[in-house]
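A.B. asks: Structure in structure tokens, see below.
The values are calculated or read from the model by the stated rules, or taken from the named source; none is laboratory data. None of the values given here were measured: they were computed from a predicted structure. Here the Cβ positions follow ideal geometry from the backbone for every residue, glycine too, while neighbour counts run over all protein chains shown. Note: areas computed on protein heavy atoms with side chains; ligands, DNA, RNA excluded. Shrake-Rupley method; radii C 1.70, N 1.55, O 1.52, S 1.80 Å.
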Amino acid sequence: MGLWDSLMGRSRPKAPNLDSLFLVPSAAITLQTAAGLTPTGSGSVCYRAAAGAAFSQTQDDVIALLRDDPQAPPATLTQDPYGFTWLVVEGDPDDVAGLCTDLHAVNTSLAAQGFDGGLLCTLVPFQDPSGRRVGLVYLYKQGTFYPFAPVPGEKRRDNLLELSVRDQLAGELPMEKDLRRWLAVWDAPGL
């Protein structure tokens, strides 16, 4: 950033640190021992699909990459009512590290081809024995995580669970401090 930008009060947005996704496996252990929340085995990347052949080819290449690896879980595409695409990866709930590697590959592949402006978030869901779910949401543009815990069958959040998860993981993940950025990702795959 130059002197002129400083004088004008402009700042550059924080660059995402996608390697933070590799902190999720240790956070999963903390969630399991402290809160009884276990990984569901699924994860997803949410983005706004761009028009054109280049994006379509990149998306096809990413899906092919995930499907060609015999160790990789299946990948599917869904679209939510808000126009966002979710690339969903399903796998072994005991292999959170492998899941995070796949999600990292999706994000970096889209970013490397210049489509990082459409990336919204990455979601890794967890559940307790009663079926209550909470997702660790990685905000791509902020480089931070926050928990999202929808109440089943309702359009409201379990704020107590979200704050509890935030407090348990504050030392392990870069948590989003601004609660206004804790977006509600209603109808997200896995939640």
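A.B. asks: Could you work out the Kirkwood radius for segment 20-100, taking every pair of different alpha carbons, averaging 1/r and inverting it, reported in Å? List each step's numbers first, then the result.
C.D. replies: On the way: mean 1/r = 0.0710 Å⁻¹.
Value: 14.1 Å, from the Cα pair sum.
A.B. asks: So which trypsin sites (Lys or Arg not before Pro) in segment 115-149 end up in coil per DSSP with only 12 or fewer other C-beta atoms within 10 Å?
C.D. replies: Listed in order of number, the matching sites amount to none.
A.B. asks: Where does the Debye-calculated log10 I(q)/I(0) of segment 152-191 sit at q = 0.34 Å⁻¹, using only Cα point scatterers of equal weight, no solvent?
C.D. replies: Each listed q corresponds, in turn, to -1.22.
A.B. asks: For the charge dipole of the chain, defined by +1 on Lys and Arg C-beta atoms and -1 on Asp and Glu C-beta atoms about the Cα centroid, which residue among 76, 142, 96 has the Cα displaced farthest towards the positive pole?
C.D. replies: 142
A.B. asks: Averaged per residue, what accessible surface does the chain expose to a 1.4 Å probe, in Å²?
C.D. replies: Accessible area per residue, the chain: 51 Å².
A.B. asks: Charges at C-beta only: +1 for Lys and Arg, -1 for Asp and Glu. How large is the resulting dipole of the chain about its Cα centre, in Debye rounded to 20? Write down the numbers at each step before the final one.
C.D. replies: Working: 15 positive and 22 negative charges, 181 e Å.
That gives the chain a dipole magnitude of about 860 debye.
A.B. asks: Dipole size in debye (nearest 20) for segment 96-187 around its Cα centre, Lys and Arg Cβ +1, Asp and Glu Cβ -1?
C.D. replies: Computed about the Cα centre, the dipole is about 240 debye.
A.B. asks: In terms of the Cα gyration tensor, with a ≥ b ≥ c the square roots of its eigenvalues, is segment 104-153 rounded because a/c is under 1.5, prolate because a/b exceeds b/c, or oblate?
C.D. replies: Prolate, since a/c reaches 1.5 and a/b exceeds b/c.
A.B. asks: Of (i) 0.98; (ii) 0.94; (iii) 1.00, which is the value of Rg/Rh (Cα atoms, Kirkwood Rh) derived from the coordinates here?
C.D. replies: Looking at Rg/Rh (Cα atoms, Kirkwood Rh) for this model, the match is (i).
A.B. asks: Write down the percent of antiparallel bridges among all DSSP beta bridges whose residues are both part of the chain, to the nearest 5. Walk me through the intermediate numbers first.
C.D. replies: Details: 30 of 31 bridges.
That works out to approximately 95 percent antiparallel.
A.B. asks: Ignoring ligands, DNA and RNA, what percent of the accessible area of the chain is carbon or sulfur (1.4 Å)?
C.D. replies: 54
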